[in-house]
Amino acid sequence: MLKTVNLQKKYTTDEVETTALVNVNLQVRQGEFVAIMGPSGCGKSTLLNIIGLLDNPTSGEFYFLDKEISKFSERQRANLRKEHLGFVFQSFNLIDELTVYENVELPLIYLKVGNAERKQRVEQVLEQMQIAHRRNHFPQQLSGGQQQRVAIARAVVSKPKLLLADEPTGNLDSAHGQEVMQLLSSLNEQGTTIVMVTHSPTDADYAHRIVNLFDGQIISENVKELAIL
Amino acid sequence: MFKNYFLVAVRTLRRNLGYTMLNVIGLALGITCSLLLYLVIRHELSYDTFHSKADRIYRINVDKLTANGPETNAGTPFPMLATIKASLPELSPATHLYNTEGGTFTVLSNNDKVPAKKFREEKNVLFVEPAFFDLFDFPTGSVNARQALKDVNTVLLTQSIADRYFPGENPVGKVLRMDNVVNLKVTGVIPDAPENTDLPYLMLIDYESSKKINTFMNDSWNSTNSNQQVYFAMSPGSSLKQAEDRLNQITSKYRRISPGEKERYIFQPLLQMHFDDEYGTLSSRTISKTTLWALGLIGMFLVLVASINFVNLATAQALRRSKEVGMRKVLGASKPQLMTQFLCETGLITLVALLLSVVFAELLLPFLNQLLELQISFSILHDPQMLLFLLAVLVAVTFFAGFYPALVISGFQPISALKSKVATARVAGLSLRRTLVVVQFTICQVLIICTIIVHNQMEYFRSASLGFDKEAIVNIPVPAGKAGDLMALRPQLESHSAVKATSFAIAPPSANIDMNSSFQYDDFSVDRNFSVNLKLADENYLKTFSIPLLAGRMYEKSDTMQEFVVNETFLQKVGVKDPQEAIGKKLLVNGGQNEGKIVGVVKDYHLSSLRNEIPPVVMSTMTQVYFYLNAKIEQKNAKAALAHLQNVWLTAYPDDVFHYEFFDDSIARFYEEEQRQAHLFKVFSFIAIVIGCLGLYGLVSFMVAQRTKEVGVRKVLGASSASIVGLFSADFVKLVLIAFVIAGPISYYFMDKWLQDFSYRINIGYWVFLAAGALTLLIALTTVSVQALRAAFSNPVRALKTE
Ligand SMILES: Nc1ncnc2c1ncn2[C@@H]1O[C@H](COP(=O)(O)OP(=O)(O)O)[C@@H](O)[C@H]1O
Ligand SMILES: [Mg+2]
């Protein structure tokens, strides 16, 4: 599904250079559930953003669906994002001016999905996330767990091949966190590839494989499934 | 997609109600002004465009070069029309007309017991030939106007005159007596003259009848009157220049002009008349193209100032939208899509402002009409031109105001936007915003400076010493040629204690009545190549108007020209230094018809508006041409004095209508156009300042909100409220100063040009600029301080908690 070769990312601000990623080589196969762990500031989000085509690497290669895309233009990346990727963030990032329904509908609008099909798909995913009864509420009227379920609904309504989640439980209490993890897990079972950044070992337990990052470098990978089997 | 944009737009705007209101009201004010100015400009440009031959109709004017300077006139001698018809067939149709300055109309009753009704009209009584209707396309309703004015002593009334003179009756066939001289048969009632014509009329009388009213002109080539005008249409394909040359060849054979003088008849396009105050129009309204441009520019500036608010507020607000933009980008929205979204939002605000401004304009139009003495109306739905204008405004404002913010917002990097990490300075386009604020301040200051200067010049008109007394003096017209009847009653006129002095004269000192004459001075040997202004008045004139004598005495009472009094300019022109020297010298005027001695020299006084210089004046007596009784009265007993004067007047002229005007009012009328312009300037610069303040207020409140935490920290660290206000003000003071440096020269340039029109004008003092600068500074600082003080007095602990 995706592969990085010697991926590097440097930030330059006010003449201070920060190297966020150093020679990262990572491969994710179709159907995998990968967790990225590591201390704060080690480059997890940076990596996820590059994988999510929200950012370009400074050097190195990045293959997504067998295409080398590290030199793609903003417009090309926007198109790939729109069609193949779904995002879930720690801070939900729902649009406050839109209702639950309208938030979930948004990706389909950008995909120019027809009216009837759009309605059907939104309803279906709202049901699946057990949030349908709140469809006309605005984000501020929902609890954190509910908001994150809406965010997940929005991320998967376009049936993305790859779902990226940056500390999806970071702003939630543990009960709501477990709920969200179960949702992600079942999405993965239905075939969605997931890459998730997390601090929580409990959350990481849901993944097939854990990638440990330290100071911008991958220091270890442990494939849990093999251990269990 | 658009539904989604629309929902978000409406909800965002509602959530930031304050911001939305500032934007909408500011924009609406700007658009209202531009809408009103558009209406005014469109009206002014529409004068006489409704005639089918409009673009090939001309008026014959004359340009003269005399030793007193150039003179221009729209009047032509009587034989002009016959000459054109005989020698210039390509000038066809051609017609002449005569416009009276006023008249008395008596509705004769067929019943002896009912007294006749009398009406007085001050202007717009027009004498025309049937050919008038071949040339012009005035609305005549169902009346065959050509036929109706075929016979002598006929009149066509406009509807409003018919309603006034013959309420509830059919006037056709009735008789109207004019100036107690001529009986006119009403042959029809036509619609009122359109508002947008420079040939306005209350009634149209057959041309032949004018000869009984206009008795001061004769059939010679040398008798002209600016109210006797010739109009013609140029046949397509013939050369205007050639025709003009040919006409001048012919006229030069007949016209007698003084040696050293030159004159040329020129053809003025009908469609240019309205914009050329050189020759004037019968509507006595003209507006220069420059003024129209200025108004158009002001309209655009007001929209610009309002749009700048928009850009400033929207870019400042952009941060608040960063999360939404970031998320939309994550979901795959392209930059053009986001730009479309934000442009739609601007479009929505503009649309609301536009609708609001249509309502405002509708409400304000009556006041504007009153101010400009116009009758403009508009009904949007039946006015495709207007709809087009509004659409143009909508598109222009949306793009101008929306493009930059949309560009900035849609250019956010998605991750930074989500983290609200977009650099404040860059987002807010700080340098651009500064530039725009400078532009706003510059426009405001230019408008303030222009307003002050225009206002001062108006004040100068009002208060400048004209060389005579204009307070508490009434000018009462007397029937032409009949001044003697009332002069005989002078003891009675002056018997009332509130009547201080009376004088009969051709006109008050400053008036639009001129009588020019060639002259010879002293030994008659030197041929002087300038003419003099003959001011004919009785022996009480100087006393009534408090005009001082420099030497000699006022002339003695007489009915004909016997003795002369001249003014200072006259002496300068003939080269006499000492006024005493002129006393006793012989003078010959009126083509040698009148000879007499100079008995006095009078101090210079103004003969017309301050636009013109004082000409050489020769004063003498001639009862025959006295058109006015001028009476100095006691201000506090004005009512009694006027009643008394009216009584005596009516004893002398029982068949006429008494009317009067206060002298200072008639002088103020010289400056009507300027007054109107001054009012317009005042109103619109005020609005520009209001809009500018709205924007400033919004911008500062945003800045304050952004820096709440900083202010909190500073306060905790012991900063005083004053220093906090200073923190926010310093920036704006700088901007005002930059604007001031730009605004000064621009406004000086334009106002200096404007003042050149007046021979007597104020000096532009540097204090005007300082005052304007100080005023803008004050306004800006007040606006800033109100917001900054709120921040300064807020509880620092609360401020720090809000993150
Ligand atoms: N936009 C940015 N500009 C400059 N430095 C950045 C930026 N984003 C992240 N960094 C730096 O890169 C490093 C990795 O950041 P990040 O990927 O957010 O870490 P994590 O998500 O693991 O906490 C940190 O040192 C951070 O300060
Ligand atoms: Mg992170």
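The values are calculated or read from the model by the stated rules, or taken from the named source; none is laboratory data. These numbers come from a predicted model, not from an experiment. Because the Cβ atoms are built from the backbone with ideal geometry, glycine has one as well, and the counts that use them run over all protein chains shown.
In region A:53-73, what count of residues is obtained for those that are within 25 Å of B:MET327 (Cβ to Cβ) and outside any strand (DSSP E or B)?
Of the residues in region A:53-73, the ones within 25 Å of B:MET327 (Cβ to Cβ) are A:53-57, A:62, A:64-65, A:69-70, A:72-73.
After this cut, where a residue has to be outside any strand (DSSP E or B) as well, the list is A:53-57, A:65, A:69-70, A:72-73.
Total meeting the criteria: 10.
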Take A:LYS112 and decide whether it is outside any helix (DSSP H, G or I), out of contact with any Asp or Glu (no Cβ under 6 Å at 6 or more places or on another chain) and either among the aliphatic types (A, V, I, L, M) or within 11 Å of chain B (Cβ to nearest Cβ) (or both).
yes
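Identify, from the list B:PHE367, B:PHE403, the residue that is more than 30 Å from B:GLU44 (Cα to Cα) and more than 14 Å from chain A (Cβ to nearest Cβ).
On the way: B:PHE367 fails: more than 30 Å from B:GLU44 (Cα to Cα).
B:PHE403 is the lone residue from the list that is more than 30 Å from B:GLU44 (Cα to Cα) and more than 14 Å from chain A (Cβ to nearest Cβ).
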In region A:1-41, how many are part of a loop (DSSP other than H, G, I, E, B) and either within 16 Å of ligand 2 (Cβ to nearest atom) or touching a residue at least 12 places away in the same chain (Cβ under 8 Å) (or both)?
9
B:GLY332 passes all but one of the listed conditions (1) away from chain A (no Cβ under 14 Å); (2) outside any helix (DSSP H, G or I); the exception is number (1)
Just the residues that are farther than 17 Å from A:LEU2 by Cα and among the aliphatic types (A, V, I, L, M), please, taken from region A:79-100.
A:VAL88, A:LEU94, A:ILE95, A:LEU98, A:VAL100
What number goes with the only condition from (1) over 23 Å from B:PRO479 (Cβ atoms); (2) modelled with pLDDT of 90 or more; (3) not β-branched (Val, Ile, Thr) that B:TYR201 does not pass?
(1)
Please tell me if B:PHE119 is surrounded by 13 or more Cβ atoms within 10 Å (Cβ to Cβ) and under 17 Å from B:TYR201 (Cα atoms).
yes
Test each condition in (1) touching a Ser or Thr at 6+ places or on another chain (Cβ under 6 Å); (2) within 30 Å of A:GLU83 (Cβ to Cβ) for B:GLY299 and report the one that comes out false.
(2)
With the checklist (1) within 16 Å of ligand 1 (Cβ to nearest atom); (2) assigned to a helix (DSSP H, G or I); (3) within 17 Å of B:ARG320 (Cβ to Cβ); (4) modelled with pLDDT of 75 or more in hand, flag the one item B:ARG426 doesn't pass.
(4)
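When you go through B:ARG11, B:ARG59, B:ARG15 one by one, which is the residue that is more than 14 Å from every other protein chain (Cβ to nearest Cβ) and of a type in the set (D, E, K, R)?
The conditions single out B:ARG59.
Working carefully through the options A:GLN147, A:GLN130, find the one that is more than 11 Å from every other protein chain (Cβ to nearest Cβ), over 17 Å from A:ILE194 (Cα atoms) and within 17 Å of the chain's Cα centre (by Cα). Reasoning before the result, please.
On the way: A:GLN130 fails: within 17 Å of the chain's Cα centre (by Cα).
Checking each option against the conditions leaves just A:GLN147.
Taking the condition over 22 Å from B:ASN227 (Cα atoms) and surrounded by fewer than 20 Cβ atoms within 10 Å (Cβ to Cβ), does B:PRO130 pass?
Details: over 22 Å from B:ASN227 (Cα atoms): no; surrounded by fewer than 20 Cβ atoms within 10 Å (Cβ to Cβ): yes.
In short, no.
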Please report, ordered by residue number, the helices (runs of 4 or more DSSP H) entirely within region A:117-229 with at least 3 residues that are β-branched (Val, Ile, Thr).
A:144-156
I want to confirm something. Restricting to region A:152-171 and keeping residues that are surrounded by 19 or more Cβ atoms within 10 Å (Cβ to Cβ) and within 16 Å of ligand 2 (Cβ to nearest atom), which single residue is farthest from A:LYS44 (Cα to Cα)?
A:THR169
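Can we say A:ILE50 is within 14 Å of chain B (Cβ to nearest Cβ) and in a helix (DSSP H, G or I)?
yes
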Name, by its number, the condition in (1) more than 16 Å from ligand 2 (Cβ to nearest atom); (2) in a helix (DSSP H, G or I); (3) within 9 Å of chain B (Cβ to nearest Cβ) that does not hold for A:ASP96.
(2)
Residues that are at pLDDT 80 or above, crowded, with 21+ Cβ neighbours inside 10 Å and over 21 Å from the mean Cα position of the chain (by Cα): which helices (runs of 4 or more DSSP H) entirely in region B:648-751 hold 1 or more of them?
B:672-706
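Mind telling me which of the residues B:SER420, B:SER463, B:SER431 ends up being at pLDDT below 85, out of contact with any strand residue (DSSP E or B) (no Cβ under 9 Å at 6 or more places or on another chain) and within 16 Å of ligand 2 (Cβ to nearest atom)? It would help to see each step written out before you state the result.
Values: B:SER463 fails: within 16 Å of ligand 2 (Cβ to nearest atom); B:SER431 fails: within 16 Å of ligand 2 (Cβ to nearest atom).
Going through B:SER420, B:SER463, B:SER431 in turn, the sole match is B:SER420.
Can you tell which of A:GLN190, A:GLN120, A:GLN140, A:GLN124 is polar (S, T, N, Q) and either within 16 Å of ligand 2 (Cβ to nearest atom) or within 25 Å of A:VAL34 (Cα to Cα) (or both)? First the steps, then the outcome.
Details: A:GLN120 fails: either within 16 Å of ligand 2 (Cβ to nearest atom) or within 25 Å of A:VAL34 (Cα to Cα) (or both); A:GLN140 fails: either within 16 Å of ligand 2 (Cβ to nearest atom) or within 25 Å of A:VAL34 (Cα to Cα) (or both); A:GLN124 fails: either within 16 Å of ligand 2 (Cβ to nearest atom) or within 25 Å of A:VAL34 (Cα to Cα) (or both).
Within the list A:GLN190, A:GLN120, A:GLN140, A:GLN124, the selection yields A:GLN190.
State whether the residues of region A:70-90 include one that is away from chain B (no Cβ under 14 Å) and of a type outside the set (A, V, I, L, M, F, W, C). Outline the logic, then answer.
The first filter runs over region A:70-90 and keeps only residues away from chain B (no Cβ under 14 Å), leaving A:70-71.
Those left that are additionally of a type outside the set (A, V, I, L, M, F, W, C): A:70-71.
Yes, because at least one residue in region A:70-90 is away from chain B (no Cβ under 14 Å) and of a type outside the set (A, V, I, L, M, F, W, C).
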Filtering region B:151-200 down to residues that are of a type in the set (Ser, Thr, Tyr) and either out of contact with any Asp or Glu (no Cβ under 9 Å at 6 or more places or on another chain) or farther than 23 Å from B:LEU282 by Cα (or both) yields B:TYR165, B:THR187
Under 6 Å by Cβ, and 6 or more places apart or on different chains, what pairs join a residue from region A:148-167 that is of a type in the set (Asp, Glu) with one that is assigned to a helix (DSSP H, G or I)?
A:ASP166/A:SER45; A:ASP166/A:LEU48
Hey, A:THR13 within 14 Å of chain B (Cβ to nearest Cβ) and either more than 14 Å from ligand 1 (Cβ to nearest atom) or surrounded by fewer than 19 Cβ atoms within 10 Å (Cβ to Cβ) (or both) or not:
yes
How many residues does region B:615-629 contain that are closer than 13 Å to B:ALA507 by Cα and β-branched (Val, Ile, Thr)?
3
B:VAL574 vs (1) of a type in the set (A, V, I, L, M, F, W, C); (2) surrounded by fewer than 20 Cβ atoms within 10 Å (Cβ to Cβ); (3) within 29 Å of B:LYS632 (Cβ to Cβ): all pass except (3)
